[in-house]
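One structure is given here, and the rest of the page talks about it.
The values are calculated or read from the model by the stated rules, or taken from the named source; none is laboratory data. All values derive from a computational prediction rather than experimental measurement. Here the Cβ positions follow ideal geometry from the backbone for every residue, glycine too, while neighbour counts run over all protein chains shown. Accessible surface areas use protein heavy atoms only, side chains included; no ligands, DNA or RNA. Shrake-Rupley method; radii C 1.70, N 1.55, O 1.52, S 1.80 Å.
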Amino acid sequence: MLIAVLVFILGSCIAVVLLRDYQSTKTDGYQAAKRYPGGRMIPVFGNLFELLFKNPVQTFTYARENAARFRASYRQWIDGKVILNIIRIKEAEKILSSTQHTRKSILYKFLHPLMGDGLLCSKGLKWQQRRRILTPAFHFNILPKFLTIFQEESEKLVKQLGGLADGVQEIVLQSIVTSFALHTICETAMGVKLDAYNEADEYKKKVYEVGEMLVHRTMSPWLYNDRVYRLLGYEGPLAESLKPIHHFTRSIIQQRRQNFQALQQADSQSEENMYFGSKQRYAMLDTLLSAEAKQQIDEDGIREEVDTFMFEGHDTTAAAIMFTIVLLAIEQEAQDRCYKEINELLEQNSASSDPVRLSVQDYQNLPYLERVIKESLRLYPPVAFISRATTGELVVDGTTFPHNTITHIHIYDLHRDPEQFPDPERFDPDRFLPEVAEKRNPYAYVPFSAGPRNCIGQKFALLEIKTVLVALLLSFRLVPVTRREEIVFMADLVLRAKTPLKVRLQRR
């Protein structure tokens with residue numbers, strides 16, 4: 001009797017699954033998947049087996065293998081839904097330039113435990129309101145205030161590395177550069193000094209742990225359902241790892257609140273800002289606290305944005321700095337040219353050899369260094385992957401993808417399109433000479449995304465990268481240890497190397 005009941009239950013489950021699969025084959029999404037290039041779709045499972053049992057390194061490699069295999073954008077069919085993987089400009093431009101397809105996909109829902117529904121994840125009117133609130137905090141006129149902090153933190157980094165600059169000792173960049181970036185984002189965007197917090201190291205450790213957990217869920221469609229995720233025991237460990245992260249950001253908000261009244265008094269004595277009609281703020285967090293006083297955002301909203309910018313503002317910039325350092329160490333001719341350009345600038349503005357005297361405008365007058373940074377961001381974009389959900393239909397090569405299609409834009413592969421970047425693996429800063437870049441589709445190079453949802457802090461990030469590179473190059477010659485072919489990447493929220501990124505330093 002028991003066997004008969006079990007057989008009946010099993011048979012019923014199989015029947016339901018087969019019926020659901022049959023119904024899904026009648027949808028517009030399935031018809032689009034049949035017409036578009038992609039791997040073989042197995043009944044019921046689609047392309048699911050391609051994702052099973054992969055660690056983060058294999059997951060990263062899987063995406064690169066698909067790009068090489070199809071040499072064009074391709075689709076997947078998983079759990080009754082079509083996914084469009086974009087690696088070429090003609091599809092990327094349709095998504096990125098659109099004011100229609102601005103919704104983030106379901107994958108960003110998995111980031112909510114880490115950063116809530118902040119600027120990265122929010123949509124519609126909430127996103128528009130938050131963007132309006134935060135835009136003044138990253139206005140060009142605010143950059144000089146940030147620059148002083150960038151320069152101070154860069155000098156501290158130079159002193160920290162000074163004792164290691166013997167040309168022999170191998171320096172692992174990950175921990176050192178990440179710490180620099182975290183200190184910088186805390187003092188500039190949050191207005192607090194990280195030295196006052198004992199939890200900083202724990203924060204960095206837990207951010208990596210949480211990143212691995214969230215990427216695992218992203219690559220496991222069977223975990224997309226919240227109930228299944230909870231029943232299989234994943235929710236508890238994630239919540240435990242999140243506790244010190246949120247405690248850290250709450251501590252930052254609490255300290256800045258205590259100083260906010262004094263800051264307001266100082267602002268009341270300053271001039272009105274002619275560009276955005278309110279008093280200048282000294283940090284992004286001050287802008288949020290000011291908006292709270294006007295009832296434009298609540299306490300939970302502030303916490304969402306602080307969690308978002310604490311993560312997005314330090315991890316992405318740290319990745320950009322690390323990979324540029326590694327490239328400059330390998331490309332000695334480019335390094336020498338950057339060093340020469342910096343010294344010529346210092347001589348021209350009579351700043352002697354003191355980079356602390358450089359202004360925002362001075363850093364803009366380093367065109368070759370800027371091209372090196374851009375080429376580094378092309379080869380190693382800190383955000384290597386973004387995902388959207390279409391609003392309405394999307395027509396690609398005569399194939400109509402339905403409303404709510406998930407579109408993954410693989411920026412890592414987009415930046416390696418040989419039609420846009422010939423010999424794409426070659427390091428060549430001259431790809432970004434004005435006369436070369438103007439011939440290229442503007443959506444071929446999107447390290448900060450593009451269109452309506454581009455990165456609000458890109459000017460901030462570029463100035464920080466330039467500042468630290470100028471300080472390092474003036475003090476040290478970068479000597480290669482890690483070679484490009486030795487780097488093993490892993491799937492993560494930002495582009496991350498599983499292998500150590502190492503250089504040696506020689507004092508100049």
Checking Asp300, Asp315 in turn, the sole residue that is open to solvent by less than 10 Å² (accessible area, probe 1.4 Å), of a type in the set (D, E, K, R) and assigned to a helix (DSSP H, G or I) turns out to be Asp315
When restricted to Lys145, Lys90, Lys126, the only residue open to solvent by 20 Å² or more (accessible area, probe 1.4 Å), at pLDDT below 85 and charged (D, E, K, R) is Lys145
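Every residue, every condition in (1) under 23 Å from the mean Cα position of the chain (by Cα); (2) surrounded by fewer than 19 Cβ atoms within 10 Å (Cβ to Cβ), yes or no:
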| site | (1), (2) |
| --- | --- |
| Gly163 | no, yes |
| Thr178 | yes, no |
| Cys186 | yes, no |
| Gly191 | yes, no |
| Asp195 | no, yes |
| Asp201 | yes, yes |
Taking region 100-128 and keeping residues more than 14 Å from Leu214 (Cβ to Cβ), within 16 Å of the chain's Cα centre (by Cα) and hydrophobic (A, V, I, L, M, F, W, C) leaves Leu119
Those residues of region 459-478 which are open to solvent by 30 Å² or more (accessible area, probe 1.4 Å), more than 30 Å from Ser98 (Cα to Cα) and among the hydrophobic types (A, V, I, L, M, F, W, C) amount to Leu474
Scanning region 434-458 for residues that are open to solvent by 20 Å² or more (accessible area, probe 1.4 Å) and under 26 Å from Arg483 (Cα atoms), the one nearest to the chain's Cα centre (by Cα) turns out to be Phe448
With criteria (1) closer than 23 Å to Ala471 by Cα; (2) modelled with pLDDT of 95 or more, His415 comes up short on (1)
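Where in region 341-429 are the strands (runs of 3 or more DSSP E), entirely inside, with at least 2 residues that are farther than 15 Å from Glu91 by Cβ?
none
Please tell me if Thr399 is open to solvent by less than 20 Å² (accessible area, probe 1.4 Å), of a type in the set (Ser, Thr, Tyr) and modelled with pLDDT of 95 or more. Steps first, please.
Working: open to solvent by less than 20 Å² (accessible area, probe 1.4 Å): yes; of a type in the set (Ser, Thr, Tyr): yes; modelled with pLDDT of 95 or more: no.
In short, no.
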Quick count over region 33-60, residues being open to solvent by 40 Å² or more (accessible area, probe 1.4 Å), assigned to a helix (DSSP H, G or I) and in contact (Cβ under 8 Å) with a residue 24 or more places away in the chain, is 3
Given the conditions (1) at pLDDT 90 or above; (2) more than 17 Å from the chain's Cα centre (by Cα), every one holds for Leu96 apart from (2)
For region 318-340 the number of residues that are among the aromatic types (Phe, Trp, Tyr) and open to solvent by 10 Å² or more (accessible area, probe 1.4 Å) is 1
Checking Ala200, Ala137 in turn, the sole residue that is modelled with pLDDT under 90 and either in contact with a Leu (Cβ under 6 Å, 6 or more places away or on another chain) or more than 23 Å from Met284 (Cα to Cα) (or both) turns out to be Ala200
Within region 214-259, restricting to residues that are aromatic (Phe, Trp, Tyr) and open to solvent by less than 20 Å² (accessible area, probe 1.4 Å), the one that is modelled with the highest pLDDT is Tyr229
Within region 448-498, of all residues that are β-branched (Val, Ile, Thr) and assigned to a helix (DSSP H, G or I), the one nearest to Tyr339 (Cα to Cα) is Val470
Taking region 405-430 and the residues there that are free of Cβ contacts under 8 Å to residues at least 60 places away in the same chain and surrounded by 13 or more Cβ atoms within 10 Å (Cβ to Cβ), the one that is nearest to Asp315 (Cα to Cα) would be Ile411
Test: residue in region 480-491 that is surrounded by 13 or more Cβ atoms within 10 Å (Cβ to Cβ) and at pLDDT below 95:
yes
In region 412-425, anything within 23 Å of the chain's Cα centre (by Cα), farther than 27 Å from Leu143 by Cβ and not acidic (Asp, Glu) is listed as Tyr412, Leu414, Arg416, Gln420, Phe421, Pro424
The condition from (1) polar (S, T, N, Q); (2) free of Cβ contacts under 8 Å to residues at least 12 places away in the same chain; (3) assigned to a helix (DSSP H, G or I) that Ser241 misses is numbered (2)
